[in-house]
1. Within segment 274-287, can one find any residue that is in a loop (DSSP other than H, G, I, E, B) and without any contact (Cβ under 8 Å) to a residue 40 or more places away in the chain?
2. Restricting attention to segment 215-237, does a residue exist that is closer than 24 Å to LEU315 by Cα, touching a strand residue (DSSP E or B) at 6+ places or on another chain (Cβ under 9 Å) and among the charged types (D, E, K, R)?
3. Mind telling me which of the residues LEU99, LEU79, LEU67 ends up being under 32 Å from the mean Cα position of the chain (by Cα) and of a type in the set (A, V, I, L, M)?
4. Going by what's in this entry, would GLY85 be described as in the same structural domain as ILE151 (by TED's automatic domain parsing) and at pLDDT below 90?
5. Quick check: anything in segment 127-134 assigned to a loop (DSSP other than H, G, I, E, B) and among the hydroxyl-bearing types (Ser, Thr, Tyr)?
6. Any chance segment 52-71 includes a residue that's among the aromatic types (Phe, Trp, Tyr) and in contact with a Pro (Cβ under 9 Å, 6 or more places away or on another chain)?
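The values are calculated or read from the model by the stated rules, or taken from the named source; none is laboratory data. Not measured: the values here are computed from a predicted model. Here Cβ is always computed from backbone atoms with ideal geometry, including for glycine, and neighbour counts include all displayed protein chains.
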Amino acid sequence: MDIKYEILDTDEGIPTLMVSMDGKTALLHSRVRPSREASGMKDSFDPGKFDFLIVLGTGLGYHLAPLRDIIDSYSKILLVDVIGGIEKMMPKNGPASFLLESDRAVFVTGKDEEEIENALTALLDFDSIKGVSVLEHPASVRFFEKYYSGIKKAVDRVIQKKAGDGAARKAFGALYFRNIIKNSSILGDLQPIIQLAGAFAGMPAVVVTSGPSLENHLKDIKSNMGVFFTICVDSAFPVLHGSGIKPDIVISTDPQPYVAEHLQEGYGKVPVRIFSISSSHDSVKKHGGFIHLNTHPLSQIISGIAGEIGSVDSLTGTVAGDAIRLAEFLGFKTAALIGFDFSFTGFKIYSRGTAYQNRYSLYFQDRTTPVETRNLGYIMKSSGGFRQYGRFTRRSFMSYRESIEKMIRYTVTMPVNVNMEGPDIKGAKKMNFSDFIADCCGGKIDRDGIMKKALGVSGKTPMETAGRLRASLGDREILHAVLEESLPKSYPKKPKMKDFIKKVLGGGK
């Protein structure tokens, strides 16, 4: 952005700031009495409840003067402004000069959306703070609306992901540990996903998730299976299998045992079955296939012990994002995205035929509460009435979508959004299914030959890591470092190895 600014005097004897951009000009503070901003903002600060403060628009800092007496009550204050180096323009003896001297305040100015997101990601730790508040400087946000709108989205993404990661660690931290330790004991019976890198180079694919709109595309998928490969997430497998569609590749990443609901009849016949190192151990052991690493600290130790295994962790916090990343990892030139609704399309939670939807339609409904009523009740409670694009959804869904959009910017595979009822996905070309077939698929593929070649180079490799992993965790410094990074803060700081095994590994089995 081409921003010009000028420091002007005021009747109060302290400076104000005039900014210009795209032929428009505005004062960020009053020309008469800029210090009055402080009194208008004093009720906006509450470090007792929200001790991590994000300020969008610093200007010359007059609105931040009330922080002087309470700044030490904050764990961190992130000050964001569109003008690079604006903190240097703050009066040396002005009402906000204390921010320049405090180690609690961090200025991030003149940076783009991604840089702000990275800075906030590094600073924000929900395990060590009470809460987060966002304060906007009205004049700055109003004049630079487009810039701060993007920053607010970035802030929301980080908060959603950090909160989700914290909740996941609290709910599943011990489960991740247990699964990884147990899965490490059978690595010798699995194949490292690195052996499939680029194995489907130049081929077209469809990537299927279990959103409600999937059922609208089942006939198209089935009638055109000869011209593309099919990748699906585990929850979409029962839908495809029940419709007579045999996916070529399935990916499963969740650590909970309930994923077994998705992996029923016919799953073992899927040619390529992919699990995360922290996937449910019972499912990994039963079905076997390929394994990939994620960002869990134990993954890094395993990588050092077992050698290169490979990863398709998309860092989006969702298996749908991992499935797109997988398509790129395998070398597909294009991938049609199906079932990526990010909302409750048609007042449904998931597509018919999923384990989730079967609970309502087959097991829980009765004459007084039919499946439609069950769906609507769940949707209203889950969404809290939040709507986007004319549909009920959840803020976390929007965060997932934005994370996937960010990931797509850096992928080589060209994603195509064929869900005409759903929201646009930035970076994915939107077209209907028939156009995808015509424009992106080049006729019948040699499925058996390509698959045989891909699987022919992948064999079981000696990855006996369980004993060495346990030995590594026997080092108390390593053990404590891993625990601190991946388990809830309520976990004992200095556990003994035997207590660790008993509590986290279920007796070490």
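1. In the first step, residues of segment 274-287 are kept if they are in a loop (DSSP other than H, G, I, E, B); the result is 277-280.
Subsequent filtering for residues that are without any contact (Cβ under 8 Å) to a residue 40 or more places away in the chain retains none.
No: zero hits.
2. Yes: segment 215-237 contains one or more residues that are closer than 24 Å to LEU315 by Cα, touching a strand residue (DSSP E or B) at 6+ places or on another chain (Cβ under 9 Å) and among the charged types (D, E, K, R).
3. Working: LEU99 fails: under 32 Å from the mean Cα position of the chain (by Cα); LEU67 fails: under 32 Å from the mean Cα position of the chain (by Cα).
Residue meeting the stated conditions: LEU79.
4. Details: in the same structural domain as ILE151 (by TED's automatic domain parsing): yes; at pLDDT below 90: no.
In short, no.
5. Filtering segment 127-134 for residues assigned to a loop (DSSP other than H, G, I, E, B) gives 127-131.
Among the residues that remain, those that are also among the hydroxyl-bearing types (Ser, Thr, Tyr) are: 128.
The answer is yes, given that some residue of segment 127-134 is assigned to a loop (DSSP other than H, G, I, E, B) and among the hydroxyl-bearing types (Ser, Thr, Tyr).
6. In the first step, residues of segment 52-71 are kept if they are among the aromatic types (Phe, Trp, Tyr); the result is 52, 62.
Right, trim to in contact with a Pro (Cβ under 9 Å, 6 or more places away or on another chain) and you get 62.
There is at least one residue in segment 52-71 that is among the aromatic types (Phe, Trp, Tyr) and in contact with a Pro (Cβ under 9 Å, 6 or more places away or on another chain).
Listed here are the residues, each with its yes/no results for (1) of a type in the set (S, T, N, Q); (2) at pLDDT 90 or above; (3) assigned to a helix (DSSP H, G or I); (4) under 18 Å from SER97 (Cα atoms).
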{"residue": "GLU6", "(1), (2), (3), (4)": "no, yes, no, no"}
{"residue": "LEU17", "(1), (2), (3), (4)": "no, yes, no, yes"}
{"residue": "SER30", "(1), (2), (3), (4)": "yes, yes, no, no"}
{"residue": "GLU37", "(1), (2), (3), (4)": "no, no, yes, yes"}
{"residue": "LYS42", "(1), (2), (3), (4)": "no, no, yes, yes"}
{"residue": "ASP46", "(1), (2), (3), (4)": "no, yes, no, no"}
{"residue": "LYS49", "(1), (2), (3), (4)": "no, no, no, no"}
{"residue": "VAL55", "(1), (2), (3), (4)": "no, yes, no, yes"}
{"residue": "LEU60", "(1), (2), (3), (4)": "no, yes, no, yes"}
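For (1) within 23 Å of MET21 (Cβ to Cβ); (2) surrounded by fewer than 22 Cβ atoms within 10 Å (Cβ to Cβ), each residue gets a yes or a no:
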| residue | (1), (2) |
| --- | --- |
| MET41 | no, yes |
| PRO47 | no, yes |
| PHE52 | no, no |
| LEU56 | yes, no |
| GLY61 | yes, no |
| ILE71 | no, yes |
| SER75 | no, yes |
| ILE86 | yes, no |
